[in-house]
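Since the structure comes first, as structure tokens, the remarks are kept for the end.
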């Protein structure tokens, strides 16, 4: 007698769940070390290796850990690196790279430590240590940005600072974990690093990405303010192009509108005042040129009025208003001098011209 369809379906589902359960157990297998037993695979049945190859890999892992416990970090690193290279598909490989990175960190081999951590994330993205490793990478990048020096050269000379490398590492962290709490922090540090190295356009780009991609984070107010201040640092004076001045005014204004209760409101108000004054002053300089150098009263009126509009409550605006009075008086005088004489009135005397031979 054949089983009912419902019984066959139930048996099939049980088989599927059994297989999935077995796969899950294998995936969740973890490598555990104790001083008594050494390394062992816990929570799963497979290590990714079998037979003599599996025994050799386990033996090398135990030797590497023995060197590590004995304080021979160089030997341990070489052993762990060899394991990761020989057995990339085994459960031992990510652990070997992780332990190598930790040892390099104690030796102040910051770049190599970061790269070992990165290999774990790139080759084994499902590692249970994902968040921990991203945190370690952030710590390494922060130390380098703050001027940490690597291992001494030949045991005598201090290592070099690597702030440019720190910026590269922060960008890597951002790519590794774009939705983590480290992402906006990484972008802020990218901006700080570029500012320290004098790469102002790159700093502006990093802050702009921060505002566009992480506007809801607690770091957003600081990003707006720093972006306004960075644009302000590009302003060369009233005689030059005012594109950066206008950008700075925009971000100072946005900061004050979006974060009215922020502790840095007074700082923003002062920055906004300086930038609006600069913009208005640049308009006056243009107006003065047309008024005093070209006697172009129409252009002068336009720029003096723009100075008033740029910052109506400022002293610069009052100066522009006084200049406008001068413009009107001078324009009236010139118009009167150029007007034809009325009947009975003598025409204004013409200036004599001298010819030189």
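A few points about this structure:
- Value of relative contact order over region 218-336, rounded to a whole percent, pairs C-alpha under 8 Å and six or more apart: 20
- Residues 226, 246 arranged by fewest to most Cβ contacts within 10 Å: 246, 226
- For region 296-334 versus region 220-258, the spacing of their alpha-carbon centroids is 26 Å.
- Once the C-beta distance of residue 309 and residue 333 is scaled by a Förster radius of 22 Å, the resulting FRET efficiency is 0.25 to the nearest 0.05.
- With each label modelled as a point 7 angstrom along the Cα→C-beta vector, the residue 69-residue 293 pair spans 8.2 nm.
- Note on region 130-212: Cα convex hull, mean projected area over all directions, 5.8 nm².
- Mean Cβ neighbour count within 10 Å, used as a protection proxy, ranking 128-136, 67-75, 102-110 highest first: 102-110, 128-136, 67-75
- Here region 200-336 is described by how far its Cα atoms reach on the three principal axes: 65, 29, 17 Å, from widest to narrowest.
- In this structure, residue 146 and residue 56 have a Cβ-Cβ separation that, at R0 = 35 Å, corresponds to a calculated FRET efficiency of about 0.25.
- Residue separation of residue 202 and residue 168 scaled by 0.36 nm, minus their Cα-Cα distance, works out to 11.0 nm of gained length.
- Packing, taken as the mean count of other beta carbons within 10 Å per residue, orders the peptides 308-318, 30-40 from highest to lowest as 308-318, 30-40.
- Compared with the direct C-alpha span, the chain from residue 106 to residue 161 gains 18.1 nm at full extension, assuming 0.36 nm per residue.
All of the numbers you see were taken from the coordinates with simple rules; none came from a lab. Quantities reported herein were computed from a predicted structural model and do not represent experimental measurements. In this analysis, Cβ positions are derived from the backbone assuming ideal geometry, glycine residues included, and neighbour counts consider all displayed protein chains.
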